[in-house]
Amino acid sequence: MSSGGDRRIRVLHVIQNLNYGGMEKLMADLVHQLDPRLFESHVLTLEYQGRYGRDMAGYAEVHSGPAMSKLSLLRPVALARCIASLRPDVVHTHSGVWYKAARAARLAGAARVIHTEHGRQPDTLVSRLIDRRAARLTDVLVAVSTPLRGFLEGRLGRAAPRIVVVHNGVDVATLRPAAPSGQLRSELGLADGQPIVGSVGRLEPVKGYEVVLEAFALLSRRVTSRPVLVIAGDGSARPALEAAATRLGVRDRVHLLGWRDDTADLLAHFRCFVLGSWSEGTSVSLLEAMASGIAPVVTAVGGNADVLGPALADQLVPAGDAMALANGLERVLHPGAAGRVASLARRRVEAAFSLSAMVGEYASLYANGATVGALAREG
């Protein structure tokens, strides 16, 4: 990375970690795609680096934050020193670190602070007060969906800074409808025509996979094609989900794969993509599935309706309603239905959720006011 004499805008991302997750992947994709002639990227993790940290070489310098006590939330001096040593023009914070990182950035003299809220956070009195303090330290607040923007406006009240919507994006040139390799079917011992209902995500309660299992059990009793449920991902809810699959009598048809690096090929095997989330910002895994030409059936929460748009509104079901989710899956598994829905899904992502559009919007936010900081650093 260069410093001192060039006029590139130095952007420092502050995030909890770079492990598997939609937010982390989104930030990694953003760093990969920013024009290196205009921007110099740094990433500061407050916990540990994780899987996406290995992908940053050549795109960004990754730094580990200092050890901090719980009291550092009040005055994060060590974090401020760390940020000051990197001399960023823009500090871009992400969900989970907002107040502490924004406070530290201001103590470090950062010229511009941008925060992206990737989804709804717990709405308690204490969390609202902390977020309102963070908002006063922030120049621009980014919401990843229009519903999330409305939620933030109500949550922050008069403390709200400028709030803009920047939709998450995926690489529609790389993620395209493709023929499956057949490896997943071979691995799981599946017949060629056996339909795969699939998902990719963290196995955490907020993702609602217990409702997906209930819906899949209902579906399995109705159709004769012997569908299987495949979920790529891991998390704290895995033991409970395994127990639920056994209790529902579908353990032999439910495959929890853990995290995988062959997501594109997994998606190519799926007949449809399912999400049972109780809350979402703008799901990156949903965007990837739709870009890959996979028909979605998802809950009507957060940014999901935004992602599907009017043409795919029938693919939305109420959160927590296993019967409605089973009905949606049954409809899309009907011969010919998945292909029609998948085509609409692909076109929707191409039109409204491309990675290049997202990167361009963030680049504009970084450049607006950051050049002053870059020139000051040169002096």
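The values are calculated or read from the model by the stated rules, or taken from the named source; none is laboratory data. On a predicted model such as this, the values are computed, not experimentally measured, just so you know. Reconstructed Cβ throughout: ideal geometry from the backbone, glycine too, with neighbour counts over all protein chains shown.
Where strands (runs of 3 or more DSSP E) fall wholly inside segment 112-179, the ranges with 1 or more residues that are touching a Lys or Arg at 6+ places or on another chain (Cβ under 6 Å) are 140-143, 162-165.
Of the residues in segment 173-191, not one is under 30 Å from Arg132 (Cα atoms) and of a type outside the set (D, E, K, R). State all residues of segment 289-307 that are outside any loop (DSSP other than H, G, I, E, B) and crowded, with 23+ Cβ neighbours inside 10 Å; if no residue qualifies, say none. Across segment 289-307, the qualifying residues are Ala289, Met290, Ala291, Ala295, Pro296, Val297, Val298, Thr299, Asn304, Val307.
Tell me, please, whether a residue that is surrounded by fewer than 22 Cβ atoms within 10 Å (Cβ to Cβ), closer than 27 Å to Leu148 by Cα and not assigned by TED's automatic domain parsing to the domain that holds Gly21 can be found in segment 218-232. No, every residue in segment 218-232 fails to be surrounded by fewer than 22 Cβ atoms within 10 Å (Cβ to Cβ), closer than 27 Å to Leu148 by Cα and not assigned by TED's automatic domain parsing to the domain that holds Gly21. Within segment 58-75, identify whether any single residue is part of a helix (DSSP H, G or I), touching a strand residue (DSSP E or B) at 6+ places or on another chain (Cβ under 6 Å) and in the same structural domain as Ala104 (by TED's automatic domain parsing), and answer yes or no. No. Of all residues in segment 236-248, those that are in the same structural domain as Gly201 (by TED's automatic domain parsing) have Cβ atoms under 7 Å from Cβ atoms of residues that are modelled with pLDDT of 95 or more and basic (Lys, Arg), 6 or more apart or on another chain, in Ala245/Arg251. Is segment 359-373 home to any residue that is polar (S, T, N, Q) and modelled with pLDDT under 95? Among the residues of segment 359-373, at least one is polar (S, T, N, Q) and modelled with pLDDT under 95, which makes the answer yes. Scanning segment 1-20 for residues that are modelled with pLDDT under 95 and surrounded by 23 or more Cβ atoms within 10 Å (Cβ to Cβ) turns up just one, Leu18. For segment 271-283, a tally of residues being buried (at least 24 other Cβ atoms within 10 Å of the Cβ) and either without any contact (Cβ under 8 Å) to a residue 60 or more places away in the chain or not small (Gly, Ala, Ser) (or both) returns 6.
Every residue, every condition in (1) among the acidic types (Asp, Glu); (2) farther than 14 Å from Phe273 by Cβ, yes or no:
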site	(1), (2)
Ala179	no, yes
Gln183	no, yes
Glu187	yes, yes
Gln194	no, yes
Val206	no, yes
Val212	no, no
Ala217	no, yes
Arg221	no, yes
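Checking each residue in segment 118-136 for being touching a His at 6+ places or on another chain (Cβ under 9 Å) and modelled with pLDDT of 95 or more picks out Ala134, Ala135. Just one of the listed residues (Arg54, Arg37) is among the charged types (D, E, K, R), closer than 25 Å to Ala232 by Cβ and either assigned by TED's automatic domain parsing to the domain that holds Gly96 or assigned to a loop (DSSP other than H, G, I, E, B) (or both), and it is Arg54. Under the condition of being surrounded by fewer than 15 Cβ atoms within 10 Å (Cβ to Cβ), over 16 Å from Val211 (Cβ atoms) and of a type in the set (D, E, K, R), the residues counted in segment 243-259 number 2.
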